[in-house]
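Below is one structure, written out as C-alpha cells; comments come after it.
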Amino acid sequence: SIHKKGRKDSFSIDSDKARLYGKSIRLPNIGRVKLAESLRFEGKIISYTVSHYAGQWHVSVNVELPDVVPTCTNSTSVVGIDVGLSHAAVASDGTVCDVPKRLKELDAKLKKAQKTIDRKQTDSKNRAKAILKKQRIQNKINNIRKDVTHKFTTAITKSHGIVVTEDLHIQEMKDKAQFKSLRRSFNASMMGMILQQLKYKALEYHTVNRFFPSTKKCSSCGAVKPHIDLSERVYRCEHCGAVIDRDLNAAINLKNAGPVRPEAPVDSADIG
C-alpha cells in the first residue's frame, strides 16, 4: 500500500543505531531527545520505531523478554465474558465494562472535525490544521479505549484463570448490520479489543460456538427462548420465572458452557 506523507509518519531504527540513557534517547542524525518516561522493561532491545501522529512524537522500543507467567489469584476459577454494544463487556461475576460517556462526546467532535476537513481546500495550510485537530481527537479516543479495556481485562484475568467467550466474527457482524447507525456502533465498540486482550492475558482462554444461544438461554433452568429482541435488556424466563440482566445472563451461560465448545442449536447469533 502507498504511504502518504503526513498521515502517520514512522521509521524504524536498528538496536545498534540508537541508545537509551534513562529518560532520553540518542537517535542517528538527530542526537539526544528527552523522553516522557524511562523504559519500563529490562531485556535485550531488538529495535526502535519512531512515529509522528497528532503533532506528537513517540518511540516504541521492541524488547525481548523472558517468558512472563500471568499473575492470577485463582487459576481454576472460570468466568464467562459477554461482549456487546450496550455494555462493552459483562462478566459472569458481575463485573461490567461500560463505554465511557466521554467517548460519545469525542465521537461527535470527531465527526464535526471530519466535516471541517472536507470543506477545506486540498493541500492548504487550513486543511493541514484541520487534519491535526481531528488526529488529536482520535488520539484521545484511542487512549481512552485502551485504558478502559486494559483495566477491565487485567482485573478479570487476575481474578480468574479460565476465561470463556463466544467465537465472534465482529467484522462479519458489522458487514451484515442493516442500519448505518448499527455499523457506526460496531466501529465505536471495544468488543474486538477486549477479546484480543483476554486471549493473551488469560491463563486459559476458550471460546464457544458463536451460534450458542447464550442470550436466549435461561442461566437458571436452561430453557431457550425462540427469539429475544435487541431492545429487551432484561431476560425474563417464562419457565422458571427468573429475571436477570440480559448480558449477565449470557455471561453466566458462557461460564457454564466452559471449554466444551457446544454445537449451535440455533441458526443465528445475537448481538449483546
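The values are calculated or read from the model by the stated rules, or taken from the named source; none is laboratory data. Computed from a prediction, not measured in an experiment: that's the story for all the values here. Neighbour counts are summed over all protein chains in view; Cβ atoms, including those assigned to glycine, are modelled from backbone coordinates with ideal geometry. Heavy atoms of the whole protein, side chains included, go into the accessibility calculation; ligands, DNA and RNA do not. Shrake-Rupley method; radii C 1.70, N 1.55, O 1.52, S 1.80 Å.
The angle between the Cα long axis of helix 101-119 and the longest principal axis of the Cα atoms of the chain comes to about 50 degrees, rounded to the nearest 10. If you run the Gaussian network model on the chain, springs between alpha carbon atoms under 10 Å, then out of ILE144, ILE252, ILE13 the most flexible one is ILE13.
Measure nothing fancy, just the Cα-based angle from helix 191-201's long axis to the longest principal axis of the chain, in degrees from 0 to 90, nearest 10. So the inclination is approximately 80 degrees. Across segment 1-159, the convex hull enclosing all Cα atoms gives 182 Å³ per residue.
Close amide H pairs (under 5 Å, H built 1.01 Å from N) link TYR235 with ILE244, ASP245, ARG246, residues at least 5 positions away or on another chain.
When only the Cβ of Lys, Arg, Asp and Glu is charged (+1, +1, -1, -1), the dipole of segment 201-246 relative to its Cα centre reaches about 80 debye.
Counting pairs of Cα atoms in the chain, how many percent are more than 23 Å apart? Value for the chain: 64 percent of Cα pairs lie more than 23 Å apart. Per residue, segment 7-129 exposes 70 Å² of solvent-accessible protein surface, assessed with a 1.4 angstrom probe and all protein chains in place.
For the residue pairs LYS111/LYS134; LYS104/LYS140; LYS112/LYS151; LYS109/LYS151; LYS158/LYS199; LYS23/LYS44, alpha carbon separations beyond 20 Å are given by LYS112/LYS151; LYS109/LYS151.
Please label the shape of segment 156-252 as rounded, prolate or oblate, based on the square roots a ≥ b ≥ c of the eigenvalues of the alpha-carbon gyration tensor (a/c under 1.5 means rounded; beyond that, a/b larger than b/c means prolate, else oblate).
oblate
Rounded, prolate or oblate, given the Cα gyration tensor of segment 90-140, with a/c below 1.5 counting as rounded? Verdict is prolate for segment 90-140. What percent do you get for the relative contact order of the chain when only Cα pairs under 8 Å and 6+ apart count? It comes to 19 percent, rounded to a whole number. Ligands, DNA and RNA aside, ARG246 has an accessible area near 0 Å² when probed at 1.4 Å. Of interest is the spacing of the C-alpha centroids, which for segment 126-155 and segment 41-60 amounts to 18 Å.
Computed from the C-alpha gyration tensor, the three semi-axes of the ellipsoid equivalent to segment 5-55 are 19, 13, 12 Å, from longest to shortest. Mind running the shape call on segment 23-117? Use the C-alpha gyration tensor, a ≥ b ≥ c as the square roots of the eigenvalues: rounded below 1.5 for a/c, prolate if a/b tops b/c, oblate otherwise. Oblate is the answer for segment 23-117, as a/c is 1.5 or above yet b/c matches or exceeds a/b.
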